[in-house]
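Since the structure comes first, as structure tokens, the remarks are kept for the end.
Read the figures in this text as sums done on the coordinates, not as results from a lab. No experiment lies behind these values; they were computed from the predicted model shown. Note: ideal-geometry Cβ built from the backbone for every residue, glycine included; neighbour counts use all protein chains shown.
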Amino acid sequence: GESVGLHLPTLSVQEGDNSIINCAYSNSASDYFIWYKQESGKGPQFIIDIRSNMDKRQGQRVTVLLNKTVKHLSLQIAATQPGDSAVYFCAENISGTASKLTFGTGTRLQVTL
Amino acid sequence: DGGITQSPKYLFRKEGQNVTLSCEQNLNHDAMYWYRQDPGQGLRLIYYSQIVNDFQKGDIAEGYSVSREKKESFPLTVTSAQKNPTAFYLCASSYRDPSNQPQHFGDGTRLSIL
């Protein structure tokens, strides 16, 4: 099966609890950020994005928080479900750089019943 | 349904052999990308193309080649010069304008050495 995710930091949460996945980004010039979800054997799936002129954005059951002062991004998942189990990546981009994304190494989310 | 199709899902390469990975999209995206994913690491950019007949090297282009003859297609060739080709290869696409658009990914090709 898919071997991506070996040696990744792992967050284990119980079904129904809220999950918070953190990401420290590297470039203070980055002004666009994306969260992706990757299930075993599949490509990354877009979850939510945020631009640097915002500090919070909400989607369906997900919220992204951006703290530019400390270069920190977080993804909050409400009422975590077994289907949320996956590896989550943050990615950053600088405007005018051809949408080139720099990816973090990822966090594995395990949802226990 | 619109999307990105990568083929084959699994590919095996013999020593000294070139292999080509296919990526096709019907999202009408201008830009296309190839990434390599290794266990425990984030995605690393191999090549990208913003328009037809033009492409640029990414961070790890050595041992790889691409072409962009059609908007829908961006094949990646892993040459014999790539000494460690075993990895999961992901193709993505996005709109070029306005800037800062999310990339959408295919489901990858897993390449292994025989």
Sequence gap at least 6, Cα distance under 8 Å: using those rules, report the relative contact order of chain A to the nearest whole percent.
37
Exposure proxy check on B:PHE105, B:PHE55, B:PHE74: fewest-to-most Cβ neighbours within 10 Å is B:PHE55, B:PHE105, B:PHE74
Student exercise, chain B dipole from Lys, Arg, Asp, Glu Cβ charges, in Debye to nearest 20
340
Taking the dipole about the Cα centre of the protein assembly as shown, with the C-beta of Lys and Arg at +1 and of Asp and Glu at -1, give me whichever of B:GLY42, B:THR79, B:TYR89 is farthest to the positive side.
B:THR79
For an R0 of 22 angstrom, estimate the FRET efficiency from the Cβ-Cβ distance between B:ILE60 and B:LYS9 and round to the nearest 0.05.
0.50
Using a Gaussian network for chain A with springs between C-alpha atoms less than 10 Å apart, which of these wobbles most: A:GLN60, A:GLN38, A:GLN14?
A:GLN60
Residues listed by number, the range A:73-113, amide nitrogen under 14 Å from A:SER26 label point at 7 Å toward C-beta:
A:90-94, A:101-106
How high is the relative contact order of chain B, in percent, with contacts defined as C-alpha pairs under 8 Å that are six or more residues apart?
35
Answer check: chain A, Cα atoms, Kirkwood Rh, Rg/Rh ratio of 0.96
Mind checking A:42-48 for the average number of partner chain beta-carbons within 10 Å of each residue's beta-carbon?
6
Cβ-derived FRET efficiency at R0 25 Å, B:LEU114 paired with B:LYS70, nearest 0.05
0.20
Footprinting exposure proxy for A:MET54, B:MET32 (fewest neighbouring C-beta atoms within 10 Å first)
A:MET54, B:MET32
Ranking B:MET32, B:GLN6, B:ILE113 by how far each Cα lies towards the positive end of the charge dipole of chain B (+1 on Lys and Arg Cβ, -1 on Asp and Glu Cβ), the top one is B:ILE113
By counting other Cβ atoms within 10 Å of each Cβ, how are A:ASP31, B:ASP59 ranked from fewest to most?
B:ASP59, A:ASP31
Entries in A:LYS37/B:LYS83; B:LYS9/B:LYS70; A:LYS68/B:LYS57; A:LYS37/A:LYS100; B:LYS14/B:LYS71; A:LYS100/B:LYS14 that, when Cα-Cα distance is taken, lie over 26 Å
A:LYS37/B:LYS83; A:LYS68/B:LYS57; B:LYS14/B:LYS71; A:LYS100/B:LYS14
